[in-house]
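First up is the structure itself, then whatever we jot down about it.
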Amino acid sequence: MQTQFSKQFFKEDGHYLGKPAESTNKIIQRRLNLVDTISEFKGAQLSLLDIGCGAGASLIRLAPDMKHCLGIDINDYHSAEFEKLCEESQLSNCDFKVMNIEQEHIQNQFDRIICFEVIEHFADENKGVSAIYNALRSGGIAAISVPNKWWIFETHGAKLPLLPWNRIPFFSWLPKPIHERFSNARIYTRKRIVKLLEKHGFTVVKTNYIMAPMDILQNGKLKNFLQNRVFRKDVTKNPMKSTSIFVVVKK
């Protein structure tokens with residue numbers, strides 16, 4: 001079945017594009033905290049590729065510990081902000097490039113890859129994951145995250161009458177054929193993303209459910225309570241408290 005994603009998201013070369021997370025969003029810090037737990041992920045002699053880098057919120061934070069970093073995205077909408085962040089952080093080892101990795105393949109060039117909340121937007125998930133695998137050198141490590149099906153709100157929104165709000169409760173719980181007919185992006189169970197990555201040659205090292213950051217809430221007492229009490233930790237064992245699945249893989 002061919003997936004038809006909602007036109008509420010801007011379409012670029014078959015992709016429906018979401019808004020990149022802001023550098024101050026808690027989800028960025030949670031992903032980076034998990035990257036810090038990966039043995040030997042960082043290194044002064046290692047190259048890093050950020051697929052779907054947006055404005056570089058994650059890449060910029062990792063760059064000081066890497067030899068060279070390349071951020072790629074399907075358009076240049078955020079390239080000026082990327083360059084500004086590099087300048088403010090006094091980084092000279094980062095580059096930005098417009099690239100559709102499904103069409104312009106990279107072969108065995110990078111020691112490390114990050115790809116956060118991107119796979120769900122690929123026009124063809126198999127072609128996209130294969131391209132990620134091909135870009136990684138033998139023995140390389142990739143950190144990947146995808147939206148979690150069992151979070152109670154649909155984070156990418158959907159093409160539904162009278163429901164323009166992105167955070168549609170329980171919509172992501174619908175069967176896959178229904179969800180992908182109306183949604184702006186795919187959504188994954190842990191089993192589905194692991195199976196997809198292994199299908200294309202990756203060895204899955206570990207998976208985590210990333211705790212919902214609750215960044216979407218307005219600042220106030222409720223947000224403070226939820227972030228500091230209920231959703232305080234970086235990871236959770238309860239899929240219903242998680243917005244994303246974090247996967248570490250090796251080639």
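The values are calculated or read from the model by the stated rules, or taken from the named source; none is laboratory data. The shown structure was predicted, so the numbers you read here are calculated from the model rather than taken from an experiment. So basically every Cβ, Gly included, is an ideal-geometry build from the backbone, and we count neighbours across all protein chains shown. Heads up: the accessible areas ignore ligands, DNA and RNA and are worked out on the full protein's heavy atoms, side chains in. Shrake-Rupley method; radii C 1.70, N 1.55, O 1.52, S 1.80 Å.
What the table shows:
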{"item": "Segment 31-72: number of residues that are over 10 Å from CYS94 (Cα atoms), assigned to a strand (DSSP E or B) and among the charged types (D, E, K, R)", "result": "1"}
{"item": "Exclusive hit being surrounded by fewer than 18 Cβ atoms within 10 Å (Cβ to Cβ) and either of a type in the set (D, E, K, R) or touching a Pro at 6+ places or on another chain (Cβ under 9 Å) (or both), set LYS127, LYS149", "result": "LYS127"}
{"item": "Residue within segment 16-23 that is surrounded by fewer than 15 Cβ atoms within 10 Å (Cβ to Cβ), modelled with pLDDT under 95 and not β-branched (Val, Ile, Thr) present", "result": "yes"}
{"item": "Hits in segment 32-49 - residues which are under 13 Å from ASP111 (Cβ atoms) and open to solvent by less than 10 Å² (accessible area, probe 1.4 Å)", "result": "PHE41, LEU48, LEU49"}
{"item": "Test result for ILE168, of a type in the set (A, V, I, L, M, F, W, C), over 24 Å from SER58 (Cβ atoms) and open to solvent by less than 30 Å² (accessible area, probe 1.4 Å)", "result": "yes"}
{"item": "Considering residues of segment 187-205 that are out of contact with any Ser or Thr (no Cβ under 7 Å at 6 or more places or on another chain) and basic (Lys, Arg) only, the residue surrounded by the fewest Cβ atoms within 10 Å (Cβ to Cβ)", "result": "LYS191"}
{"item": "Residue satisfying all of: in segment 119-144; under 12 Å from ASP50 (Cα atoms) and part of a strand (DSSP E or B); farthest from the chain's Cα centre (by Cα) among these", "result": "LEU136"}
{"item": "Which listed residue is among the hydrophobic types (A, V, I, L, M, F, W, C), out of contact with any Asp or Glu (no Cβ under 9 Å at 6 or more places or on another chain) and touching a residue at least 60 places away in the same chain (Cβ under 8 Å), from LEU85, LEU46", "result": "LEU85"}
{"item": "Which listed residue, of PHE110, PHE96, PHE82, PHE116, is within 19 Å of the chain's Cα centre (by Cα), of a type in the set (Phe, Trp, Tyr) and within 16 Å of SER145 (Cα to Cα)", "result": "PHE116"}
{"item": "Within segment 214-244, considering residues that are in contact (Cβ under 8 Å) with a residue 24 or more places away in the chain and farther than 14 Å from ASN25 by Cβ, the one most open to solvent (accessible area, probe 1.4 Å)", "result": "LYS237"}
{"item": "Residue tally, condition within 23 Å of ARG137 (Cβ to Cβ) and exposed (fewer than 14 other Cβ atoms within 10 Å of the Cβ), over segment 66-91", "result": "1"}
